[in-house]
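Take a look at the structure set out below.
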Amino acid sequence: MVCWGIWKNRNELHDGGKGRTGRAVVRSALMLLEEYQRANESSDVAQERTSLTVKWSPPAQGCYKVNVDGVVFTKRKQTGIGVIVRDDAGEVVAVMCKRMAVPLGAMEAETKAMETGVHFTADVGIRDAIFEGDSLTIYNELHGLGSTSAAI
């Protein structure tokens, strides 16, 4: 939450906004976390109906997990990329985000995020990593289970 708050604040400043102090960013992140926890505590009944619950888990000992995501800013004709690397204890090892002045579609943004995550992980010296994203299409493509366009 804090990393996201920092990224959001940076983007607001970059776009000519006022921005917030570090204390305000942390306070906002803690409030979002509390709201998230309250919402999840009250949804115990909904969780019982769900047969598959997806939850982040750390990688095996000595390994790293890299989570990637892409976002499309349609009105600005830009794409955002986020990468976070964690160790086997779940501790953040490296983080990176960037905005590109390239109007990609959602699938292309997710693909670019995965590619960027692979390069970033290698650049920080990590060789043994598990990569996660939120696109089943990209997962299937990487595992030879799908057939998508050449752009992806």
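Structure notes:
- Single unsatisfied condition, ALA122 versus (1) outside any loop (DSSP other than H, G, I, E, B); (2) surrounded by 12 or more Cβ atoms within 10 Å (Cβ to Cβ): (2)
- Which listed residue is modelled with pLDDT of 95 or more and either in contact with a Leu (Cβ under 7 Å, 6 or more places away or on another chain) or closer than 22 Å to TRP4 by Cβ (or both), from ARG76, ARG99, ARG86, ARG38: ARG86
- Looking across the range 72-103, the residues that are assigned to a loop (DSSP other than H, G, I, E, B), small (Gly, Ala, Ser) and in contact with a strand residue (DSSP E or B) (Cβ under 9 Å, 6 or more places away or on another chain) come down to GLY90, ALA101.
- Test for ASP134: is it touching a residue at least 60 places away in the same chain (Cβ under 8 Å) and assigned to a loop (DSSP other than H, G, I, E, B): yes
- Test result for LYS75, of a type outside the set (A, V, I, L, M), more than 14 Å from the chain's Cα centre (by Cα) and closer than 27 Å to THR137 by Cβ: yes
- Tally of residues being touching a helix residue (DSSP H, G or I) at 6+ places or on another chain (Cβ under 8 Å) and either on the phi > 0 side of the Ramachandran plot or not hydrophobic (A, V, I, L, M, F, W, C) (or both) across the range 68-101: 7
The values are calculated or read from the model by the stated rules, or taken from the named source; none is laboratory data. Keep in mind that what you see is a predicted model, and the values were worked out from it rather than measured. Positions of Cβ are backbone-derived with ideal geometry, glycine not excepted, and every protein chain shown enters the neighbour counts.
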